[in-house]
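Notes to accompany the following structure.
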Amino acid sequence: MRKLFLLVLIALLAGVGLVALIETDPGYILVAYGNYTLETSLWVGLAVLLLFTLLVYGVVRLLRKLFAGQQSLLGWLGNRRSRVAGRLTTRGLINFIEGNWSKSRRQLVRGAKDNEAPLLNYLIAARASHRLGEMDKMREYLGAAEAAESEAGIAVELTQAELKLSSGQYEQALATLERARRNAGRHPHVLDLLCKAYQGLKDWNSLARLLPDLRKYKVCSDQELALLERDVYAGLLAAGAAEGSEALQRQWQATPSELRLRPELLEIYAQKLAELGPVEAAEKFIQRSLKQAWHGELVRVYGLLQGGNGHKRLAQAESWLDDHRDDAALLLALGRLCCREELWGKARDYFEQCYKLERSPEVCAELGRLLAALGEPRPSGAYFREGLLAATKLPELPSPAPLPESNQLEQAAPAAAGSGT
């Protein structure tokens, strides 16, 4: 209450002072513009100036509110379109994953219009078009992706290459990848796609040149790389063998030394040598390799060699028994070498020893064939049946119960009578 009283008192005193000041000296203002003049007292002029200032301030505030409201409306509309585009993009991706290619493409293209980053929309739309088999649409959306983002050239090229690889268009994919590789350098994904393209084309020389980069940039695991190296150099050996014995030997010498110790490549080279002849070259190679390290794959090839001095080859193989008596591959090879020399009893012994160690379909077939030729059909049939069942993965099925012995005799009697008539 006291504060209010003091404020009122101060206001009254200020008013009285102002009135006294105006009456003492009202002042004078003259404003002239052209033929017009305006005269007033100082205090009236100050009041008019104040009112004019307040009026201008009010108009400016009003205009600012109007513009701010319009911008808010535009911003709200823009945010709404962005939200709709985001929902369309999400639905398009879900439908793509679920395999609804046509619906996915339609939603992704609609969502790209108001999307701040439409690159993903166009790239996935291109993949959906590829799944639909519409190559023109695929190229159209890839072009739209590249136009939407100036730095997306490599991404577009890689997508295009992947789609061509999935269609088996290896040469076209390779041209795209070579262009992408110049731009992306040693990008791991480019190297991976190049590897698939070369594999599809069976371009073993290019793959061999690519192997160091695949290893350096860890594009694939060590196990995958080992399998790839085997396939590459096996393909190179096959290509060399197609050109003749000398080309095969040159290719073997060009194979890295650590790979020339791998059993699978030793086996391939020995087989190609034996196919091209003379057989002595393959025989010497196998003997020399087995002195360095024992490999059952090479022993198996040794047992398949034909021609040359078979008796000498058998003696050499029997000399290996001292150190490898329990080696199934050696026993199988010995059985085959004995068959070539028509030593049927020894061949049977070796095959049966091999069978005790390893009941493989191969040894079962060899025993079945030999016993059939020796006039023993029942054990021969048993070995053939066992080998066939071992080589064939059959489902588990119920079997009929065996007939009693009396029924078997009754069924056998009419058959015997029929054959007698």
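The values are calculated or read from the model by the stated rules, or taken from the named source; none is laboratory data. Keep in mind the model is a prediction, meaning the values are calculated, not measured. Heads up, the Cβs are rebuilt from the backbone with ideal geometry, glycines too, and the neighbour counts pull from every protein chain shown. Accessible surface areas use protein heavy atoms only, side chains included; no ligands, DNA or RNA. Shrake-Rupley method; radii C 1.70, N 1.55, O 1.52, S 1.80 Å.
Restricting to the stretch 372-408, give me the number of residues that are surrounded by 11 or more Cβ atoms within 10 Å (Cβ to Cβ) and at pLDDT below 90. Quick ask: steps written out before the conclusion?
As a first pass, look at the stretch 372-408 and keep what is surrounded by 11 or more Cβ atoms within 10 Å (Cβ to Cβ): 372-374, 376-377, 379-391, 403, 408.
Still in the running and at pLDDT below 90: 389-391, 403, 408.
Residues that pass the stated criteria total 5.
Examine the stretch 326-349 for a residue that is part of a loop (DSSP other than H, G, I, E, B), touching a helix residue (DSSP H, G or I) at 6+ places or on another chain (Cβ under 8 Å) and farther than 22 Å from VAL279 by Cβ, and state whether such a residue exists.
yes
Give the stretch 174-209 a look and list any residue that's of a type in the set (Gly, Ala, Ser) and under 15 Å from the mean Cα position of the chain (by Cα), or say none.
Within the stretch 174-209, the subset of a type in the set (Gly, Ala, Ser) is 175, 180, 184-185, 197, 200, 206, 208.
Answer for the stretch 174-209, where residues must be of a type in the set (Gly, Ala, Ser) and under 15 Å from the mean Cα position of the chain (by Cα): ALA197, GLY200.
Would you confirm whether or not the stretch 297-313 contains a residue that is under 30 Å from GLY244 (Cα atoms), of a type in the set (A, V, I, L, M, F, W, C), out of contact with any strand residue (DSSP E or B) (no Cβ under 6 Å at 6 or more places or on another chain) and surrounded by fewer than 20 Cβ atoms within 10 Å (Cβ to Cβ)? Full working, then the answer.
Taking the stretch 297-313 and keeping what is under 30 Å from GLY244 (Cα atoms), we get 297-313.
From what is left, the residues that are of a type in the set (A, V, I, L, M, F, W, C) are 298-299, 301, 304-305.
Going one step further and asking which of them are out of contact with any strand residue (DSSP E or B) (no Cβ under 6 Å at 6 or more places or on another chain), we end up with 298-299, 301, 304-305.
If we keep only those that are surrounded by fewer than 20 Cβ atoms within 10 Å (Cβ to Cβ) too, we end up with 304.
Within the stretch 297-313 (the criterion being under 30 Å from GLY244 (Cα atoms), of a type in the set (A, V, I, L, M, F, W, C), out of contact with any strand residue (DSSP E or B) (no Cβ under 6 Å at 6 or more places or on another chain) and surrounded by fewer than 20 Cβ atoms within 10 Å (Cβ to Cβ)), the answer is yes, since at least one residue qualifies.
I'd like the residue in the stretch 126-149 that is without any contact (Cβ under 8 Å) to a residue 24 or more places away in the chain and open to solvent by less than 40 Å² (accessible area, probe 1.4 Å) and, out of all such residues, is farthest from SER166 (Cα to Cα).
Selected residue: GLY143.
Going through the stretch 88-108 one residue at a time, which ones are under 15 Å from LYS137 (Cβ atoms), surrounded by fewer than 21 Cβ atoms within 10 Å (Cβ to Cβ) and of a type in the set (A, V, I, L, M, F, W, C)?
Hits for the stretch 88-108 are PHE96, TRP101.
Output the residues belonging to the stretch 171-226 that are outside any helix (DSSP H, G or I) and open to solvent by 30 Å² or more (accessible area, probe 1.4 Å). Break it down stepwise before answering.
The initial filter retains those residues of the stretch 171-226 that are outside any helix (DSSP H, G or I), namely 185-187, 202-203, 217-221.
Residues satisfying the conditions are ARG186, HIS187, LYS202, ASP203, TYR217, LYS218, VAL219, CYS220, SER221.
Please go through the stretch 334-365 and pick out each residue that is touching a residue at least 24 places away in the same chain (Cβ under 8 Å), open to solvent by less than 20 Å² (accessible area, probe 1.4 Å) and of a type outside the set (Gly, Ala, Ser).
LEU334, LEU337, CYS338, CYS354, VAL363, CYS364
Yes or no: the stretch 286-293 includes at least one residue that is outside any loop (DSSP other than H, G, I, E, B) and either of a type in the set (Phe, Trp, Tyr) or closer than 20 Å to ARG340 by Cα (or both). Before you say what the answer is, go through the steps one by one.
First, pick out the residues of the stretch 286-293 that are outside any loop (DSSP other than H, G, I, E, B): 286-292.
Of the ones still in play, those that are also either of a type in the set (Phe, Trp, Tyr) or closer than 20 Å to ARG340 by Cα (or both) are 286-287.
Looking through the stretch 286-293, at least one residue is outside any loop (DSSP other than H, G, I, E, B) and either of a type in the set (Phe, Trp, Tyr) or closer than 20 Å to ARG340 by Cα (or both).
For the stretch 314-332, state whether one or more residues are buried (at least 22 other Cβ atoms within 10 Å of the Cβ) and not hydrophobic (A, V, I, L, M, F, W, C).
No, the stretch 314-332 contains no residue that is buried (at least 22 other Cβ atoms within 10 Å of the Cβ) and not hydrophobic (A, V, I, L, M, F, W, C).
Would you confirm, using the coordinates I've provided, whether ASP231 is more than 17 Å from the chain's Cα centre (by Cα) and within 17 Å of LEU158 (Cβ to Cβ)? Don't jump to the end; show me each part of the working.
Values: more than 17 Å from the chain's Cα centre (by Cα): yes; within 17 Å of LEU158 (Cβ to Cβ): no.
Answer is no for this residue.
Conditions tested, residue by residue: (1) small (Gly, Ala, Ser); (2) touching a helix residue (DSSP H, G or I) at 6+ places or on another chain (Cβ under 7 Å).
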residue	(1), (2)
LEU273	no, yes
PRO278	no, no
GLU283	no, yes
LEU290	no, yes
GLY296	yes, yes
VAL299	no, yes
LEU305	no, yes
ASN309	no, no
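Go through the stretch 150-164 and give me each residue that's among the charged types (D, E, K, R) and surrounded by fewer than 17 Cβ atoms within 10 Å (Cβ to Cβ).
Restricting attention to the stretch 150-164, the residues satisfying the condition of being among the charged types (D, E, K, R) are 151, 157, 162, 164.
If the condition is that a residue be among the charged types (D, E, K, R) and surrounded by fewer than 17 Cβ atoms within 10 Å (Cβ to Cβ), then GLU151 is the only one that fits.
I'm trying to understand the selection: among the residues of the stretch 228-255, which are surrounded by 13 or more Cβ atoms within 10 Å (Cβ to Cβ) and not in a helix (DSSP H, G or I)?
THR255
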